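Right, one structure below, let's go through it.
The values are calculated or read from the model by the stated rules, or taken from the named source; none is laboratory data. This one's a predicted model, so the numbers in the text were calculated from it and none came from an experiment. In this analysis, Cβ positions are derived from the backbone assuming ideal geometry, glycine residues included, and neighbour counts consider all displayed protein chains. These area figures cover heavy atoms from the full protein model, side chains too; ligands, DNA and RNA do not enter into them. Shrake-Rupley method; radii C 1.70, N 1.55, O 1.52, S 1.80 Å.
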Amino acid sequence: MLASNVPDRPPIPNVYAKPDNNRNAPAAVYFHVPFCLHRCGYCDFTLVARQDELIPSYLTALQNELAMLDRVYDVDTIFIGGGTPTHLTAAQLEQLLQLISNHFRLTSGGEFSIEANPDGLDDERLAPLADAGVNRLSLGVQSFDDNVLKTLERQHAGEEAIEVVYRAKERFANLSLDLIFGVPGQSMDVWQQTLATAMQLPLTHVSTYGLTFEKGTDFFSRLKHGSLAAVPDELERDMYGLAISELNGAGLQHYEISNFARPSSRCRHNQVYWAADEYFAFGPGAARYVNGIRSTNARNVSRWINAWLKNEVALQDHECLNAEQSAREAIYLGLRRVDGIDLAKFEARFGCSLADLAGESLDRNIAANNLEIVDASLRLTAEGRFIADSVVADFL
Ligand code: SF4
């Protein structure tokens, strides 16, 4: 067949190397490690469980994806998430850290985070992380109550999590916990006890999430078939309210819908997302924002690995945002922050006022007491935080 008869393939968008233009390079990078010991019944993240034989190929594929970069980049934040990054062996973690350092240099005072689960988090794994400059550990504890942990199908016990926190603290001053509320069978007392235990620990940061039943998960099917019952909305709302009052009372400032931090310990990496700034991302299912293009890597782990083993770009989707879409996204993301959106900075960045762009949504939500303007910033009211997802979605 003549070459001219071959249909043109759509060009692959430039989501890796920086073109020669006036944009600043992203100052943040995310790595997705898609391996876990077990897939928890509520989890819909990109990962595989009990397929550790894929890890060496994953590391080779990641090396090939990283080779797309045109040079070494200086970044202010690096975040390794998953999955369970610390499911890798110590030697595999060292290989991963070496790959990262071949392509990214953390600026002085930068933040280098990794997610970890308490089970299997031994000193053999903690040591190379600290040695490589990781300076923030985010632990997926979820609860200190063994019944709740069992319902969530987590692989650790409450006591084990406490022991791991103290051991990790010897190497990582900046330590965060994830906690889940609204778990079937979880009472207010049990949630209060988990919060009380967390506040006695040497933490700098806490993230709290209400359990969601995502389509495609075991929990979603069990909910549908009646073998699992969601907690009443009112109880879930009260649990969130309790987290806000208890954590704030303990000196952990509420700074984003789901996040609380001691002074100077806000997660800098996640703040890049909420500021709608650009960031690199690598690994299956990883979402990036580079050159004004939002793109997501193939979510099927084997597909992503096999493509990159052949040096083929493996994108799930991509979208080049126009000026209005970028501005609307900045509202959607910025309203997640308790400090809200500085209206003058918004106008300077996007060349139009927030009122001009989304006046109707703005008026409607201010009238409904979901939003307020304080000190020239637009932010969620205390009431609005309870229905934040629907309020922010009104601006897209
Ligand atoms: S450990 Fe975390 S990432 Fe892994 S399956 Fe469970 S919830 Fe998902």
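Figures for the structure shown
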| item | result |
| --- | --- |
| Matching residues in region 135-163 - criterion: being closer than 21 Å to Arg262 by Cβ, touching a strand residue (DSSP E or B) at 6+ places or on another chain (Cβ under 7 Å) and not basic (Lys, Arg) | Asn135, Leu137, Ser138, Leu139, Gly140, Val141, Gln142, Ala161 |
| Answer residue from region 249-261, given it is of a type outside the set (Ser, Thr, Tyr) and closer than 15 Å to Leu179 by Cβ and is surrounded by the fewest Cβ atoms within 10 Å (Cβ to Cβ) among those | Ala250 |
| Filter pass, Gly109 being outside any strand (DSSP E or B) and not acidic (Asp, Glu) | no |
| Matching residues in region 205-227 - criterion: being under 16 Å from Glu153 (Cα atoms), open to solvent by 20 Å² or more (accessible area, probe 1.4 Å) and either part of a loop (DSSP other than H, G, I, E, B) or not assigned by TED's automatic domain parsing to the domain that holds Cys43 (or both) | Thr212, Phe213, Glu214, Ser227 |
| Test result for Ser326, touching an Asp or Glu at 6+ places or on another chain (Cβ under 8 Å), part of a helix (DSSP H, G or I) and of a type in the set (S, T, N, Q) | no |
| Leading residue by the ranking (farthest from Leu211 (Cα to Cα)) among those in region 34-43 that are in a loop (DSSP other than H, G, I, E, B) and within 8 Å of the ligand (Cβ to nearest atom) | Leu37 |
| Scope region 152-171; condition over 23 Å from the mean Cα position of the chain (by Cα) and within 15 Å of the ligand (Cβ to nearest atom); matching residues | Ala157, Glu160 |
| Entirely in region 262-322, the strands (runs of 3 or more DSSP E) that have 1 or more residues that are open to solvent by less than 10 Å² (accessible area, probe 1.4 Å), of a type outside the set (Phe, Trp, Tyr) and within 23 Å of Val48 (Cα to Cα) | 280-282, 287-290, 293-297 |
| Criterion (open to solvent by 20 Å² or more (accessible area, probe 1.4 Å), more than 16 Å from the ligand (Cβ to nearest atom) and at pLDDT below 95) met by exactly one of Asp70, Asp131, Asp76, Asp145 | Asp70 |
